[in-house]
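Student: Here's a structure for you.
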Amino acid sequence: MVQKYQSPVRVYKYPFELVMAAYEKRFPTCPEIPVFLGSEILHESKSDDGAIHVIERSCKLNVDAPRLLKKVHPENEEWTCFEQSASLDIKSFFGFESTVEKIAMKQYTSNIKRGKEVIEHYLKELISQGITFIPRWTPPVAHGQKAERAPAASHEPSDAPLESGAQGSPTEQTGSSCPPAEPVSPDADKLDADYIERYLGQLTPMQESCLIRLRQWLQETHKGKIPKDEHILRFLRARDFNIDKAREMLCQSLSWRKQYQVDYILQSWRPPALLDEYYTGGWHYQDRDGRPLYILRLGQMDTKGLVKALGEESLLRHVLSINEEGQKRCEENTNLFGRPITSWTCLVDLEGLNMRHLWRPGVKALLRIIEVVEDNYPETLGRLLIVRAPRVFPVLWTLVSPFINENTRQKFLIYSGNNYQGPGGLVDYVDKEVIPDFLGGDCMCTVPEGGLVPKSLYQTDEEPENADHIRLWTETIYHSASVLRGAPHEIVVEILEGESVITWDFDILKGDVVFSLFHSKRAPETSHKEATLPSTSAAGDNVQLIDKTWVLGVDYSRVESPLVCREGESIQGSHVTRWPGFYILQWKMHGPLPCSGTSLPRVDDVLASLQVSSHKCKLIYYYEVLASKDFRGSMSSLESCNSGFSQLSGATTSSSQSQSSSHLSR
């Protein structure tokens, strides 16, 4: 594979003709560039009018001579913008051509880094020899025309300062004189060496070349908005400057941004009031390196409540808006501090983190968000400071860390207890006057404190999320269902192997229901009972599977005792299967229990029956099947009881925990 190199623009404060004369002095050998062992002219030609002079050279490593572009600087016509490209193609080296090409190109570019110093060296040599002026080329005079005198060029190099942050496209000199340069636009197209150092940071010659080549490829092939240089550079860094892998990753991200209108998310996204009140994150000044600082009080956040009230879609859009805002703040800080600020710092406070945060659907939603961010915002996180990590944190880290890029994981700093205080702690990365008050600092922090999201705000299918936006996720974790008198809601899970684990998580939004689990060797048929039930036009999400002709104990059997679930409760549980076949999860409306001997029905059961008889029950649920061998230590086995955020009666909590623990391997 041919190895290629493209330099950034080098600026010399000398006229073009003098720079070219200095460049010619590099040949046939150049002691200042050790890798350049010698060269010979393969072909030389001049145009009839003398405007174009082409020299093709080759060196002993078969490196093509750089292709020169005659340009002047847009701010001073007596300065010269100089860039060069090279390609290396080894024809035969015992099957190791590609490896040798990479090694040779690396050595070449490391030497060519001194290219500007070499040109400066030969410029001084020319001046020391008394050569300070070379006449500019002028077009030949046609017969009968009077020759126009070329404007005199200064014999001394200009000392006018070059603004390092200037951006723009160098103009090509094609005549004897050059008109005054127009003002340079900050967003114009130029990759000057000073601009790279000022806005992008220190790059090796090969890294500069990869950036320029990928940028040129986008300009030639990409339809639509071309991303900024710092954006392209992030994808190159994420793929270790493998230009092919970076191009693939970047193109997929650009398509994703266009499809989901991410470029406009800061203008179009308005966080719901619920997020403003319960999402415990916000921007807070910057760290010692000038990076924007984002604070997340994860331990105080009701992640389960936010997922159920807003859905994963809204949470993802909010996270994307945070990342977009982070990039915007990086640009602002780059201009503010006069040096490249390309990433931001996140400070995560885990005070209050416990097992309720390890709830599987929530962790699953978190992993999906991490995947989207990793794919589309690489190298935007400069540092992650985790403080007050509790004893349960290693469990969460074990679950999440495999999905985080290795380069990102190396930026994590974790402090348990009060280890973040004092030398070696936060003060090494954040100025003391910026440390938030809740971490022992003097700075008042406006990040919300969070709290429990009211269950009355939980979402159902009747309240679609973000109906006016393109959906980023085509699926959601939770499903909703209606339960009516005589019309239970049922789902079927087919188990092919005996040892598997069925896990579930559901919330009762309205009414009281009874949850049961059955097993059958027969495959049930889906049946919607809308036509046979009164007032069931709104019960389209109600599905029945157990046929009325089936006999309990003959056609199917109960494998979990009935569990009464009250309105507002959250239930999690699991069942280790013993046989293959079909397992049916059933929710049916709760009514008065039948009398047994002299026992009387409970008063609250009778009242509940009267209360719900006139309306349907509503619930949202999630379920999953895991292999038994993978279940121990998995996310689902971490919490198989009522959620710690739920306001439950002691009787219901104990019954649910008792039921779940009897079917778990601890």
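Student: How large is Rg/Rh for the stretch 356-406, to two decimals, with Cα atoms and a Kirkwood Rh?
Tutor: A ratio of 0.97.
Student: Sticking with this one: Over the heavy atoms of Cys346, what accessible area does a 1.4 Å probe trace out, to the nearest 10 Å²?
Tutor: 20
Student: In addition: If you rank Thr280, Thr446 by how much accessible surface each has, with a 1.4 Å probe, what is the order from largest down?
Tutor: Solvent-accessible surface, decreasing: Thr446, Thr280.
Student: In nanometres, what is the gap between the two model label sites at Cys251 and Glu220, each 7 Å from Cα along Cα-to-Cβ?
Tutor: Label at Cys251, label at Glu220, 1.3 nm between them.
Student: What is the spin-label model distance, in nm, from Leu452 to Glu332 if the labels are put 7 Å beyond Cα along the C-beta direction?
Tutor: Going by the 7 Å Cα→Cβ label model, 3.7 nm.
Student: Give Lys13/Lys228; Lys308/Lys364; Lys258/Lys304 a once-over and call out the pairs whose C-alpha atoms are over 21 Å from each other.
Tutor: Lys13/Lys228; Lys258/Lys304
Student: State the percentage of accessible surface on the stretch 369-411 attributable to carbon and sulfur atoms; use a 1.4 Å probe and exclude ligands, DNA and RNA.
Tutor: The value for the stretch 369-411 is 53 percent carbon and sulfur by accessible area.
Student: Leaving ligands, DNA and RNA out of it, report the carbon-plus-sulfur percent of the accessible area of the stretch 199-281 at a 1.4 Å probe. Each step should come with its number before you reach the end.
Tutor: Values: 1990 of 4290 Å².
The computed percentage sits at 46.
Student: Still on this structure, please answer the following. May I ask you to give the solvent-accessible area per residue for the stretch 233-346, in square angstrom, as obtained with a 1.4 angstrom probe?
Tutor: On a per-residue basis, the stretch 233-346 sits at 40 Å².
The values are calculated or read from the model by the stated rules, or taken from the named source; none is laboratory data. Note that this is a predicted model, so its numbers are computed, not measured. Neighbour counts are summed over all protein chains in view; Cβ atoms, including those assigned to glycine, are modelled from backbone coordinates with ideal geometry. The protein model used for the area step is the full one, side chains on, heavy atoms only, and it has no ligands, DNA or RNA in it. Shrake-Rupley method; radii C 1.70, N 1.55, O 1.52, S 1.80 Å.
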